[in-house]
Every structure is written in C-alpha cells, then in structure tokens.
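The values are calculated or read from the model by the stated rules, or taken from the named source; none is laboratory data. All values reported here derive from a predicted model rather than from experimental measurement. Cβ coordinates were reconstructed from backbone atoms using ideal geometry, including for glycine residues, and neighbour counts include every protein chain displayed. These area figures cover heavy atoms from the full protein model, side chains too; ligands, DNA and RNA do not enter into them. Shrake-Rupley method; radii C 1.70, N 1.55, O 1.52, S 1.80 Å.
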Amino acid sequence: MVKGQMMQCKEGSAVNAQHPVPVKLGNEGAGVLTIGSMKRFLGLLGISEKEARSLRMANPLVLAFVGDAVYEHYVRMAVIHRTKGGLHQLHRQSTRYVKATAQAYVVKNLENFLTDEERDMIRKGRNQKGHSAPKNTQAADYRLATGFETLIGWLGLQEDPRRLEEVVAKAIEIIDQCSVEPTGAMAGLKEGQR
C-alpha cells in the first residue's frame with residue numbers, strides 16, 4: 001500500500017496508511033463523510049473547524065458553493081452505480097442532473113416536498129445579488145439553481161445527513177421522470193408572463 005493511501009476496515013471505517021487513525025464514515029459506512037469526520041480532516045490540515053451553527057448561517061452564496069460540490073458528489077455516485085459505459089457516458093449522464101436548467105426544474109417540482117425552512121433557504125439563495133449566468137442559461141434558471149444549491153449546502157452542514165439524502169434522491173427522481181431534457185423555468189411562458 002502506498003503511503004497516505006486509504007484502505008477499508010471492518011465496521012465501515014477507513015484507515016489512512018500514513019496516519020493509522022480510524023475515520024468513521026457517515027450513513028452507516030455508506031461512504032459519505034459527515035461533519036464529525038470533517039473535524040478530523042481539518043485537524044490534519046491544522047485548520048480549526050468553524051462552529052456548525054455559524055456555517056449553517058453563512059452567506060447563501062457560500063452555502064451554494066458547498067451545495068454545488070455536495071450535489072455533484074451524490075449525483076456522480078448515483079450515476080456510476082447506474083450507468084454502464086465509459087467516462088464520456090458518465091459525464092453526459094451526470095450533466096443531465098447538475099446543469100442549471102435541471103436544478104431549476106427540480107425546484108419547481110420540489111415545492112410540496114420541502115419544509116417551510118427549506119423553501120426559505122431556496123429563496124435566500126435565489127435572491128442573492130451578483131448572479132452572472134453562463135451564456136447558455138437563462139438568468140431565472142441560474143437563480144433557481146443557486147437557490148437549490150444553497151439548500152443542498154445548508155442541508156449538507158446539518159448533523160444528520162438523512163434529509164439531505166432524501167432531497168437529493170427526490171431531485172434525481174424528478175429529473176428521471178422527465179422524459180426529455182428539463183427545459184428552462186421560463187420555457188413555455190408567453191412573453192407577457194416572463
């Protein structure tokens with residue numbers, strides 16, 4: 001084993017070959033790192049962890065920054081376990097779920113599934129200033145996607161990952177049920193409705 005490489009142990013923990021201290025994996029060993037293991041990771045880097053409460057109250061764009069990575073991680077894990085094919089096919093499948101139009105579509109179809117507090121997190125992220133949408137994305141879709149990523153980042157910083165996993169699974173389910181590529185939030189609206 002190469003120095004610094006991770007190996008799997010019994011009881012769902014991992015051991016670093018360079019630092020043989022067990023790291024407990026979240027979700028009963030399913031491979032998702034929790035806040036508790038993040039504390040150890042930051043300690044290895046000599047960084048003190050911010051209080052979880054202050055992170056959950058962070059600027060919505062910071063939460064969206066975290067949410068983007070968390071959502072992409074979950075999507076990639078789902079895609080590699082469901083998709084046969086090479087890297088190109090994996091990339092095409094994961095892009096279907098993470099692009100702004102798909103996330104905007106999810107927000108529109110997730111309303112009844114969310115709590116008031118979760119809808120509020122989407123609103124906070126959506127209403128942030130400084131959105132510069134990519135050239136192939138409508139600004140409204142990009143704002144909704146930012147709201148969705150804010151929610152995912154906020155849920156990702158909670159102590160219990162179950163609700164995060166429920167919301168991400170529901171988002172994937174919503175996109176899977178869409179027989180065509182999800183279109184923009186503004187698609188289908190007449191000019192006067194925009």
- Item | Under Karplus coefficients 6.51, -1.76 and 1.60, residue-wise ³J(HN,Hα) of segment 149-154 in Hz, glycine/proline x | 5, 4, 4, 5, x, 5
- Simple spin-label model, 7 Å along Cα-to-Cβ: Ala139 to Asp160 in nm? 4.0 nm
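Quick one: order Phe113, Phe65, Phe41, Phe148 from most to least accessible surface, probe 1.4 Å.
Numbers: Phe113 70, Phe65 160, Phe41 105, Phe148 0 Å².
Ranking Phe113, Phe65, Phe41, Phe148 by accessible area, largest first, yields Phe65, Phe41, Phe113, Phe148.
Using 1/(1 + (r/R0)^6) with R0 = 45 angstrom and r between the beta carbons of Lys50 and Leu87, what's the FRET efficiency to the nearest 0.05? Provide the component values of the computation, followed by the final result.
Values: r = 35 Å, r/R0 = 0.79.
Plugging the Cβ-Cβ distance into 1/(1 + (r/R0)^6) gives 0.80.
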- Net charge over other residues, Cβ less than 13 angstrom from the Cβ of Ile47 (K, R count +1; D, E count -1): +2
- Once label points are set 7 Å from the Cα along Cα→Cβ at both Phe65 and Asn127, what is their separation, rounded to one decimal in nm? 2.2 nm
- State, to one decimal in nm, how far the label point of Arg76 lies from the label point of Lys170, with both points 7 Å from Cα in the Cβ direction. 2.6 nm
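In the structure displayed, which of Lys39/Lys129; Lys39/Lys135; Lys84/Lys170; Lys50/Lys108 lie more than 28 Å apart, Cα to Cα?
Working: Lys39/Lys129 31 Å; Lys39/Lys135 38 Å; Lys84/Lys170 22 Å; Lys50/Lys108 33 Å.
Over 28 Å apart, Cα to Cα: Lys39/Lys129; Lys39/Lys135; Lys50/Lys108.
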- Using a 10 Å cut-off on Cβ atoms, rank the peptides 153-159, 118-124 from the highest mean neighbour count down. 153-159, 118-124
